[in-house]
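The values are calculated or read from the model by the stated rules, or taken from the named source; none is laboratory data. Just so you know, these numbers come straight off a predicted model, no measurement behind them. No Cβ is skipped: glycine too gets one built from the backbone with ideal geometry, and neighbour counts run over all protein chains shown.
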Amino acid sequence: MPVTNGEAIIPEGAVVILTPPDIEKLIVDDIVLMDSVLYLPDVTTDTTVRNGWIVSGELNVQSHPVKISIADGATVMFNGITVNGVDQTNFAYAGITCLGDATIILKDSTTNNVRGFNRNYPGIYVPQGKTLTIQGKGTLNASCNRSSSQSTGAGIGAGYQMSCGNIVILSGIVKAEGGEASGAGIGGAYNASAGNIAISNRVTSVIAKGGPSVIGAGGGESTCGTVTFGTVQMYDGGVWAIPPIDGHTYGGLTLAILENQWTLTPRSYNPPEGAINGLFSVSADKQVFFSRGNLQWSGDYKWRFAQHQYDYIGNAVNNTTPTASNSSYMDLFTWGATGINGLQPNYSATIYLSGTSDLSGENDWGSNAITNGGNAQNSGWRTPSIGEWKYLLEERSCAYKYSRGTVNGVNGLVLFPDNFEPADIGVTITNANEKNASFVNYSTYWAAMEDAGCVFLPAAGYRIGTSVESSESYYYSSTHNDTYHAYIISFSGLTTGWNNYSISRERGASVRLVHDAE
């Protein structure tokens with residue numbers, strides 16, 4: 001008789017240990033694992049792995065070449081499994097078959113090997129319209145059965161004339177090898193298309209090897225949806241919008257190409273002095289660090305970053321009367337008032353850089369020596385362009401871009417780094433990427449969020465003449481519009497969300513510097 005465990009039905013021949021008393025339960029994304037352990041050496045019949053199960057051991061494919069499936073909607077853990085399928089025509093299935101949406105968690109430090117049972121089937125299959133998500137801190141080796149040079153299945157994805165769904169790789173080490181004839185390492189197979197493919201820059205490494213294709217479509221009349229590396233969409237469903245090039249970095253992932261093998265690994269950077277330790281994509285091939293706080297300047301010619309990200313001067317004398325010459329700090333500047341060529345921030349609210357050039361070189365605030373940002377001129381700090389602001393807020397391919405939030409009693413805009421994962425620090429984000437959402441109070445979690453690389457732009461207002469207005473907050477870009485106007489991002493500390501447009505350069509606005517990741 002089959003054994004039951006709640007709603008899960010365990011077939012005869014499968015040995016299952018129910019809630020082992022000597023092993024602590026694991027909780028991943030609110031799914032309680034360890035309710036059941038499926039031990040593959042004792043499996044003798046086709047078996048469907050249910051939600052919350054952990055799978056371990058090696059399937060005896062010589063004696064019992066059975067089909068192992070994952071139930072639709074299930075989250076399961078691989079704890080050192082081996083399913084090395086044998087290549088026989090009467091075993092027409094993948095090494096692991098997902099019956100619908102599935103999440104595979106690779107247990108820490110384990111190696112998991114999965115190979116298809118037939119040269120035309122993949123190592124792991126996910127059906128069309130469904131999504132397979134792979135994550136964890138272990139290793140997954142998935143391959144088509146390559147016993148023949150005519151093998152056509154993908155490593156992860158489709159089989160011969162059997163299209164597949166979406167594939168998302170969030171973390172871990174994943175190695176996928178497709179068939180020599182026409183199988184992609186990750187994606188399509190012969191006359192079989194693939195859905196969208198996304199590889200996070202949180203992975204340890206992803207190595208894909210295929211026949212005519214490595215990641216994406218397979219051979220024949222195969223197609224593929226989008227392909228995203230890190231935060232950058234490389235393939236748009238028709239062409240490589242950004243052609244993959246050996247040695248280049250895309251969205252935080254560096255690509256190495258060796259014939260028909262691609263290796264993706266996160267690029268490692270050391271943040272400069274004065275930076276928040278989070279990487280933010282500002283274009284398809286560029287990431288930056290943000291400064292630890294808004295830029296400030298004192299009448300005795302010293303530049304610094306604010307001590308805390310939520311600090312701002314506001315309606316104080318050095319902002320309202322910038323002609324004052326003393327050691328107090330101000331933080332609302334006219335455009336290009338960098339202290340160069342007579343454009344001193346404290347001279348007049350109407351002194352600004354005119355002309356039809358963007359801020360660069362000595363005309364950028366970042367060219368100054370910043371006492372807590374390296375204290376050297378031309379050390380790499382700069383003002384982001386309006387295109388970079390827009391890419392950061394709108395175009396990055398990451399789940400969490402920004403949130404309207406409150407930190408230490410100050411309203412503002414929270415920016416999330418490219419690889420931010422709220423579950424890592426136990427915070428819930430309820431208003432991500434919503435311009436006009438209500439403010440969420442992050443004060444309790446802010447220390448952990450800042451350690452994870454989050455940036456906070458306080459709603460610091462803006463200055464007109466000698467009056468500081470608090471209804472809106474302006475942050476300058478380095479981009480000019482015309483002779484007398486420059487582009488900003490704007491957001492309210494009270495009601496509406498962020499926007500971008502140009503303002504008169506004589507208005508005082510906040511400046512938040514960035515440093516290219518190098």
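Considering (1) under 19 Å from the mean Cα position of the chain (by Cα); (2) under 17 Å from Thr383 (Cα atoms); (3) not hydrophobic (A, V, I, L, M, F, W, C), say which one Asp451 fails and leave the rest.
Failing condition for Asp451: (2).
Read through the list (1) within 18 Å of Glu388 (Cβ to Cβ); (2) of a type outside the set (A, V, I, L, M, F, W, C); (3) outside any loop (DSSP other than H, G, I, E, B); (4) modelled with pLDDT of 90 or more, then give the number of the only condition that Asn433 fails.
(3)
Looking at the range 137-170, which of the residues that are surrounded by fewer than 22 Cβ atoms within 10 Å (Cβ to Cβ) and either aromatic (Phe, Trp, Tyr) or in contact with a Ser or Thr (Cβ under 6 Å, 6 or more places away or on another chain) (or both) is farthest from Gly210 (Cα to Cα)?
Here the residue is Leu170.
List, please: which pairs have Cβ atoms under 8 Å, are six or more places apart or on different chains, and start with a residue in the range 96-115 that is at positive phi and end with one that is at pLDDT below 95 and not β-branched (Val, Ile, Thr)?
Cβ pairs passing all conditions: Ser109/Lys137.
Could you list, in sequence order, the residues of the range 229-266 that are part of a loop (DSSP other than H, G, I, E, B) and either hydrophobic (A, V, I, L, M, F, W, C) or outside the structural domain of Gly211 (by TED's automatic domain parsing) (or both)?
First pass over the range 229-266, keeping only residues part of a loop (DSSP other than H, G, I, E, B): 230-231, 237-239, 241-248, 251-252, 259-260.
Val239, Ala241, Ile242, Ile245, listed by residue number.
Name every residue in the range 473-505 that is outside any strand (DSSP E or B) and surrounded by fewer than 19 Cβ atoms within 10 Å (Cβ to Cβ), in order of residue number. Talk me through it step by step, then tell me what you get.
Step one: filter the range 473-505 for residues outside any strand (DSSP E or B), giving 483-484, 492-498, 505.
Scanning the range 473-505 gives Thr483, Tyr484, Ser492, Leu494, Thr495, Thr496, Gly497.
Regarding the range 370-383, can at least one residue be identified that is assigned by TED's automatic domain parsing to the domain that holds Val317, surrounded by 17 or more Cβ atoms within 10 Å (Cβ to Cβ) and under 17 Å from Arg505 (Cβ atoms)?
Yes, some residue in the range 370-383 is assigned by TED's automatic domain parsing to the domain that holds Val317, surrounded by 17 or more Cβ atoms within 10 Å (Cβ to Cβ) and under 17 Å from Arg505 (Cβ atoms).
Only one residue in Leu353, Leu359, Leu332, Leu343 is crowded, with 21+ Cβ neighbours inside 10 Å, aliphatic (A, V, I, L, M) and within 19 Å of Ile464 (Cβ to Cβ), so which one is that?
Only one candidate passes the filter, namely Leu332.
Could you say which residue among Ala306, Ala337 is in the same structural domain as Ser467 (by TED's automatic domain parsing), surrounded by 19 or more Cβ atoms within 10 Å (Cβ to Cβ), among the small types (Gly, Ala, Ser) and at pLDDT 95 or above?
Among Ala306, Ala337, only Ala306 is in the same structural domain as Ser467 (by TED's automatic domain parsing), surrounded by 19 or more Cβ atoms within 10 Å (Cβ to Cβ), among the small types (Gly, Ala, Ser) and at pLDDT 95 or above.
If Phe305 satisfies every condition in (1) farther than 23 Å from Ile503 by Cβ; (2) touching a helix residue (DSSP H, G or I) at 6+ places or on another chain (Cβ under 9 Å); (3) among the hydrophobic types (A, V, I, L, M, F, W, C) but one, which is the exception?
(2)
Pick from the range 223-282 the residues that are of a type in the set (D, E, K, R) and closer than 18 Å to Ser213 by Cα: which of them is surrounded by the fewest Cβ atoms within 10 Å (Cβ to Cβ)?
Among residues in the range 223-282 that are of a type in the set (D, E, K, R) and closer than 18 Å to Ser213 by Cα, the one surrounded by the fewest Cβ atoms within 10 Å (Cβ to Cβ) is Glu259.
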